[in-house]
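What follows is a set of notes on a single structure, which appears directly below.
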Amino acid sequence: MPVDLLLALLGALALLPLVLLDVSGPGNPLGALRVLLGLAYVLFVPGYLLQLALFPRAAELNGITRLALSFGLSIALLPPIVLLLNVLPWGIRPGPILAAGYALLAGLLPAAWLRRSRLPLEQGYTPRIRLGLRQAWEQAGRGGRLLGIALGIAFLTAILSGLAMALLPNPGDQFTEFYLLGSQGLAEDYPRTAYAGQAATVTIGVANHEGRPMQYRIVVKSGEEIAGGTDLFTVADQAVVEGPIAFLLPQAGDDQEVVFELYRQDRGTPYRSLRLWVDVEPPLD
């Protein structure tokens, strides 16, 4: 097997465990390797194999044209795959996307190998890396130079973006869940009726995904009045705290809005808020 096709096969085999295993996270070199290989197998390798299957002879295209065509065809292959996954029952999810990518490689790699293997060795295209960059630059012509600059900028941008995604922390991965539970421990069947001057209770939950232990407090409001709340409490990273919280509504009336505000230790304004509408009946005798 030619060395370029062999590298494409070995790279695909190396990428598979990196995708299936959880190697993400800031500072993880395997996560950076996964991003770089993933970019190559999304933006370059499929188009390279396709252009090689279409134009296996070395005389048909020059190197820089093949490079540009590899990027262009790879990008052109993405929309049909996405549209196909969208109409299939599995949908656009990581598993089907991975399966579609490897199915595409399983079709293109043998096609490229078969097309080139049918040609005499001296006629088939074999990539060669030439270190004489000055001579290559002079021979490229104006169009080739512009194309080379554009490809270099695009390639550098993709590499830097991939490294940033792999090595820098993602702010979207740091958050706090704040939720209400009803009488059955589900996000339904909330209390819809209360009595004026008498405490009502709901179950509230706080899940900490901030990457460190955090302190929170909860304030319950009805209009501008404080109807209940908690003192500061600590939730460990990746831990969940659930418990009842009582609130008291002094005046009778329908559709009274009850606001549950979650404050974080380092913020003076509400970090999360939830709302519940309650019909308040006159106090029982």
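When the label point is put 7 Å from the Cα of Ala196 along its Cα-to-beta-carbon vector, which residues of region 254-285 have a backbone N closer than 14 Å? From region 254-285, the list is 254-256, 279-285. The chymotrypsin sites (Phe, Trp or Tyr not before Pro) of region 32-62 include none that DSSP puts in a loop with a beta carbon having at most 15 other beta carbons within 10 Å.
Residue by residue, region 31-40 carries 3J(HN,Hα) couplings of x, 5, 4, 4, 5, 5, 5, x, 4, 4 Hz when phi is fed to the Karplus relation 6.51 cos²θ - 1.76 cosθ + 1.60 (θ = phi - 60°); x denotes Gly or Pro.
3J(HN,Hα) along region 115-124, derived from phi through the Karplus expression 6.51 cos²θ - 1.76 cosθ + 1.60 where θ = phi - 60°, amounts to 4, 7, 5, 7, 9, x, 4, 6, 9, x Hz, with x in place of Gly and Pro. Normalised by the number of residues in region 174-281, the mean separation of alpha-carbon contacts (under 8 Å, six or more apart) gives a relative contact order of 30 percent.
If I stretch the segment between Val19 and Ile153 completely, what's the gain in nm (0.36 nm per residue apart, minus their alpha carbon distance), one decimal? If you can, show how the numbers build up before the last one.
Working: separation 134, 0.36 × 134 = 48.24 nm, distance 2.67 nm.
Answer, rounded to one decimal: 45.6 nm.
Within region 174-215, list the GluC sites (Glu not before Pro) lying in a DSSP loop whose Cβ has at most 10 other Cβ atoms in a 10 Å radius.
Loop-located and lightly packed - Glu188.
In this structure, the amide hydrogen of Gln256, modeled 1.01 Å from its nitrogen in the peptide plane, lies closer than 5 angstrom to those of Val278, Asp279, Val280, counting only residues at least 5 positions away or on a different chain. Counting Cα-Cα pairs of region 196-285 in 5 Å increments starting at 0 gives whole-percent bin shares of 3, 13, 24, 22, 15, 11, 7, 4, 1, 0, 0.
The H on the amide N of Gly211, modeled in the peptide plane, is under 5 Å from the matching H of Gln238, each at least 5 residues off or on a different chain.
The gain in end-to-end length when the Ile75 to Thr269 segment is fully stretched comes to 65.4 nm, 0.36 nm per residue minus the alpha carbon separation.
Quick note: the coordinates plus some simple rules give every number you see, no bench work behind them. Model, not experiment: these values are computed from the prediction. Counting neighbours? That spans all protein chains shown, and the Cβs are built from the backbone with ideal geometry, glycine included.
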